[in-house]
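Some notes on the structure that comes next.
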Amino acid sequence: MQLKGKHILVGVTGGIAAYKTPMLVREFVRRGAEVKVVMTPMARQFVTPLTLATVSKNPIVVDFFDPENGQWNSHVSLGTWTDAYVIAPATANTLAKMANGMADNLLLTTYLSARCVVFAAPAMDLDMMSHPATVKNIETLRERGVEIIEAAEGELASGLSGKGRMAEPQDIAYGVESYFARREGSMRGRRILVTAGPTYEKIDPVRFIGNYSSGKMGYAIAEELGSRGANVVLVSGPVKMSARSTNIEVVKVESAKQMLAAAQSAFGECDAAIMTAAVADFAPEEVADQKIKRHGDYTIKLVANPDIAAELGRMKTGRQVIAGFALETNDEMRNAHGKLEKKNMDFIVLNSLADKGAGFMTDTNKVTIIEKDGTTTPYPLKSKSDVAIDIVDTLERTMSSTK
Ligand code: CTP
């Protein structure tokens, strides 16, 4: 009864795989969850509301209101009732609408107002699945935190064979179950500091020195920590991201000096720190009060910024763990080892810019984790949220051998 007491909202869209949704609902019920079902109008062509109402033991909602008596079906209250919203099957059409914020049925308005974790199990023909538009929509949703339960390969309703079959009901139920297991278990009561994003170093009131860091890796780590129950202090440079998990306290900063001050004041109370920020190594020695006017060449003297990771490394007590990143273009291993030691870290995550799909501005990353005792683990190219899982797993392991 791993899902005992959980409220699960199942969203059904109009695809042939909807015939499996009653089995999915039964899987959830069997695991102790209370289940409600919302359907798109088209889904009724594939599976009857009566079947779903019977297995879920709750009336099905399809329309914004009941045409008989005008009773309003509130997407907001559905969204707040639910602990997990599981859209299965998710057709190409619904995924596209979700990715674009469209709201022309109750399933979608509920998606837009849901505060809980959202799962989507895509199901469609192989050509629709591999179309760049669908690939992009799925990517966008994943980036926004939707848990995509990958479609499987196999025989499809069209008679073709390839990727597009909805994952089996028990696999979807398992995915949801392990999500909660992760979230509620392992890092409850832990306080973790994460630094993320770039820093901006002011030149004058309108200009700064910055870098291309998007903050994605740091935010993904913060979300992963939050989803395992940790309290996260996310000290973030200027980025376009926002944190989803309610366990994350975001402290916004701009310059390296501000980031240092925020990190130092948080670290004392923390069990560990993961330093993902791309801190500017230098800042202008002087910041002009007025916009610098154009008259010929101009020279800016840069002075070294504080090394935040090294400062925390100096503060670190025996029970605290520090992990950092090393972004390298050459001599990767040697440089990463050097940084690990110099900054008194417990492990370092090596990013090589020589690897395609790794580093800044991408949704993927390819890393090697090097631990203090020399253990070196290379990982394949993965989405940043999957890389975050590997990093947080390593952190948990290191913390358990440190306490
Ligand atoms: N870091 C930091 N403060 C800095 C510079 C780096 O906290 N001023 C942290 C980063 O967040 C990362 C690690 O130190 O976790 C290594 O960052 P990197 O930029 O690769 O190393 P640097 O020490 O700046 O070395 P270099 O630029 O010479 O490669």
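Taking region 307-343, which residues are within 11 Å of the ligand (Cβ to nearest atom) and within 18 Å of GLY268 (Cα to Cα)?
Across region 307-343, the qualifying residues are ASP307, ILE308, ALA309, ALA310, GLU311, LEU312, GLY313, ILE322, ALA323, GLY324, LYS343.
Of the residues VAL47, VAL55, which single one is more than 30 Å from ALA181 (Cα to Cα), out of contact with any Gly (no Cβ under 8 Å at 6 or more places or on another chain) and of a type outside the set (Ser, Thr, Tyr)?
Within the list VAL47, VAL55, the selection yields VAL47.
If you take the residues in region 268-285 that are within 12 Å of the ligand (Cβ to nearest atom) and under 23 Å from the mean Cα position of the chain (by Cα), which one is surrounded by the most Cβ atoms within 10 Å (Cβ to Cβ)?
ILE274
Cβ contacts < 9 Å: first residue over 9 Å from ILE203 (Cα atoms) and within 16 Å of the ligand (Cβ to nearest atom), restricted to region 286-305; second residue of a type in the set (Val, Ile, Thr) and at pLDDT 95 or above, any location; separation 6+ or different chain. Result?
The qualifying pairs are LEU302/ILE209; ASN305/THR199; ASN305/VAL279.
Given the options VAL251, VAL235, name the one that is of a type outside the set (D, E, K, R), surrounded by 22 or more Cβ atoms within 10 Å (Cβ to Cβ) and farther than 14 Å from GLU201 by Cα.
Just one listed residue meets the conditions, VAL235.
The values are calculated or read from the model by the stated rules, or taken from the named source; none is laboratory data. Predicted model only: the values in this text are computed from it and were never measured. Every residue, glycine among them, receives a Cβ derived from its backbone with ideal geometry; neighbour counts consider all protein chains shown.
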